[in-house]
Structures are given as C-alpha cells and as structure tokens.
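Here the structure is laid out as structure tokens; the discussion comes afterwards.
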Amino acid sequence: REMERDLRTALENNEFELFYQPFVDAGQSAVSGFEALLRWRHPEKGLVPPGLFVPLAEQTGLIEAIGVWCLETACLEAASWSSDMTISVNMSPVQFKSTRLVADVDRALSMSGLDPRRLQIEVTESLFIDESENILSILQDFRKRGLTISMDDFGTGYSSLGYLSRFPFDKIKIDQSFVRDLSRPENIAIVRSVIGLSRALDMKVLAEGIETREQMDILIREGCLEMQGYYFARPLPASELPRMIADIT
Ligand code: G
Ligand code: G
Ligand code: NA
Ligand code: MN
C-alpha cells in the first residue's frame, strides 16, 4: 500500500514531529507537564494525526523505530526547557514486545541528560489484555530508573481491573469520553468512582478532554485537580513551547 511505503521512508525523511499539550493543576492554575503527541507531516497529505498511521506502524513493526524517535526527541526537547516539568510519552503495546525497549529508554535518557524522574510513560489497558510477566518486569525496570507510569484512556479498554492490583501506577488518566458529557449522571458516577479508586490505590488522577469551564468546575468539585484539554491548550508544536512555558511560569 502507498501509505505503508511512505511510512517506511518517513523517519529518514524527517517527517515526524512532536506536538505538546500541557497538563494543568487546576487547583493552582499551574502547568505540571506536557504530553508529547506524534504527528506525521506528509509531503502531500499534510499533517496526519496518529490515529491514521499508528495502527499501520504497529502492524508493520515500524512502531519500534518510530517509538525510539519519539522517546529521544521528547527527552531532548524536555531537557532544553527552562523548567523541570514532566514530559509524558505514549507507548504502544507493540513496543513492549521489543527486547530492546528498556535499553532504548536508557539511551534516550543518557543522550539527552534528562532526569529520569521527569519522564512519564503512558500505557493503555490493552497492554494488559494478556497476562504477561514480561510487561510487569519492563514497567518495574522503568520504575527502578525513576520514571513514572500512567494509565491512559482509563475505562475504555477491555482488560480486567486485576492489573491495577498487580502494578502500582503513578497516575490514572480518565478518558475524555466520560468528561465530554458530564450532564449525564452516569458519567458523573463513573468519574466519581475512578477518582475514588485512584485515591484508594494511592494513585494520582487526571481528567482528559476538558473543553469548558463548566467541566473544569465539576471536576474540581469531584476532587480531580489535574487536567488536560483544549480549554487550557491544544497540542502545540515545539517551537511554541518556550513562549508558553515563559507565559505560565
Ligand atoms: O494527538 P491525537 O489526539 O490525535 O492522538 C490520538 C492517539 O494517538 C492517542 O490515542 C495517542 O495516545 C496516540 N499517540 C499520540 N502520540 C503517540 C506516540 O508517540 N506513540 C504512540 N504509540 N501513540 C501515540
Ligand atoms: O489517547 P490519548 O489520550 O493519548 O489521546 C489524546 C488525544 O486527545 C490527542 O489526540 C489530543 O489531540 C486529543 N485531545 C486533547 N485534548 C482534547 C480535548 O479537549 N478535546 C478533544 N476532543 N480532544 C482532545
Ligand atoms: Na496519551
Ligand atoms: Mn488519553
């Protein structure tokens, strides 16, 4: 397929970019970090969102090299910031099949000089669909280095909750689908339960997809102070970050 051929040359042609979206502590109106979000600047198609090419990258195995690029780029970028904020990087379950993943992380850390405690890895529930000791051991290896691990899109996967008791995540990210319509009592109930669950398990909690002041107010009232969404900022290209960091610090 045409897209697969283009994806194979995208890395060498330097066509990937990372955009950055802040995490906000709404209690203190302070930015606590940024999530790196991958984009493909295709020579003809323009900016392609990850939903359109990450699945293909996963099927073809290209995600491994693309993942290394993301890690290295995000760590280098964050090491250059004038502030010690967190940088959060998404990882596909397919990347965990590589025997080199932990070494890749080590290399990104050493080449950038980034303090490992500033690096956060975002995984999704799909990582835990099959029980794998290997995945737990990779996550433990990350932990030993000082990284933090967050559970992304919580509540949308199909795995059991058992993995929450086997691995201590640092943070749960409440999926934006629950935040979108908080006028539905069902969604409030879900959000409230996840906040309670995170507290009981001693994990932080962040709500994704905040687009309005009203959503922010409801979440603060429910006790979730860390947030991310267009209401605060859209994902921005790296070139706009220094100005944004200067504005908010
Ligand atoms: O930025 P956007 O909302 O289009 O992202 C859509 C999806 O792509 C999200 O689920 C996000 O987790 C995923 N994604 C974004 N960047 C990366 C990345 O660097 N690696 C992987 N594996 N997935 C990413
Ligand atoms: O799966 P993950 O949570 O990593 O995906 C995040 C995706 O959500 C990114 O593609 C990002 O662009 C998008 N996003 C971030 N904030 C908002 C928001 O407030 N509203 C909507 N609709 N999408 C958002
Ligand atoms: Na994410
Ligand atoms: Mn998410």
* Asked: Hey, rough spin-label estimate for N134 and S110, points 7 angstrom out along Cα→Cβ, what's it come to in nanometres?
  -> 2.4 nm
* To do: Using a 1.4 Å probe and ignoring any ligands, DNA or RNA, find the accessible area of K204 and quote it in Å² to the nearest 10.
  => 130 Å²
* To do: Let me have the 222 nm mean residue ellipticity of the chain computed from DSSP H runs of 4+ only, each contributing -39500 (n - 2.57), with the sum over all residues rounded to the nearest 500.
  => -12000 deg cm²/dmol
* Structure fact -> Regression test value, accessible area per residue of the chain, probe 1.4 Å, units Å², expected 49 Å²
* For segment 100-150, report the convex hull volume of the alpha-carbon atoms normalised per residue, in Å³, without decimals. => 69 Å³
* Structure fact -> Heads up, the chain by the C-alpha gyration tensor (a ≥ b ≥ c square roots of eigenvalues; a/c under 1.5 rounded, else a/b over b/c prolate, else oblate) looks rounded
* Computed lengthening from D217 to R199, 0.36 nm per intervening residue step minus Cα-Cα distance -> 4.5 nm
* To do: Using a Förster distance of 35 angstrom, determine the FRET efficiency expected from the C-beta separation of R145 and M3, and round it to 0.05.
  => 0.50
* Heavy-atom accessible area order for V31, V94, V191, largest first, 1.4 Å probe -> V94, V31, V191
* To do: Please report, as a whole percent, how much of the solvent-accessible surface of segment 1-64 comes from carbon and sulfur atoms (probe radius 1.4 Å).
  => 47 percent
* To do: Of the options S183, S32, S126, report the single residue whose Cα projects farthest towards the positive end of the charge dipole of the chain (beta-carbon charges: Lys, Arg +1; Asp, Glu -1).
  => S32
* Going by a ≥ b ≥ c, the root eigenvalues of the Cα gyration tensor, does segment 37-182 fall in the rounded group (a/c under 1.5), the prolate group (a/b larger than b/c) or the oblate group? -> rounded
* For the chain, with only Lys/Arg (+1) and Asp/Glu (-1) charged at the beta-carbon, what is the dipole magnitude about the Cα centre, in debye rounded to 20? -> 280 debye
* Size of segment 9-78 along its principal axes in angstrom, Cα-based, largest extent first? -> 44, 23, 21
* To do: Note down the relative contact order for segment 160-249 as a percent, whole number, built from C-alpha pairs under 8 angstrom at least six residues apart.
  => 26 percent
* Asked: Plugging the Kirkwood radius over Cα pairs into Stokes-Einstein for segment 37-118, at a temperature of 37 °C and a viscosity of 0.692 mPa s, what D comes out in µm²/s?
  -> 240 µm²/s
* **Cut-off 19 Å, label 7 Å out along Cα→Cβ of E12, residues of segment 33-57 by amide N** => 41-44, 57
* **Simple label model, 7 Å out from Cα along Cβ direction - L161 to R100, nm** => 4.0 nm
* Cα-derived Rg to Rh of segment 156-249, Kirkwood definition -> 1.02
* Asked: Among the chymotrypsin sites (Phe, Trp or Tyr not before Pro) within segment 10-64, which fall in a DSSP loop and have no more than 14 other Cβ atoms within 10 Å of their own Cβ?
  -> none
* Asked: Given the Cα-Cα distance of Q59 and R41 and 0.36 nm per residue of separation, how much length would full extension add, in nm?
  -> 4.5 nm
* Classify segment 144-197 as rounded, prolate or oblate, taking a ≥ b ≥ c as the square roots of the eigenvalues of its Cα gyration tensor: rounded when a/c is under 1.5, otherwise prolate if a/b is larger than b/c and oblate if not. => prolate
* Taking the Cβ of L18 as the center, what net charge do the other residues with Cβ under 13 Å away carry, scoring Lys and Arg +1 and Asp and Glu -1? -> -4
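The values are calculated or read from the model by the stated rules, or taken from the named source; none is laboratory data. Everything quoted here is computed from the prediction, not taken from an experiment. Cβ atoms come from the backbone with ideal geometry, glycine included; neighbour counts cover every protein chain shown. Calculation scope for accessible area: heavy atoms of the full protein, side chains included, ligands and nucleic acids excluded. Shrake-Rupley method; radii C 1.70, N 1.55, O 1.52, S 1.80 Å.
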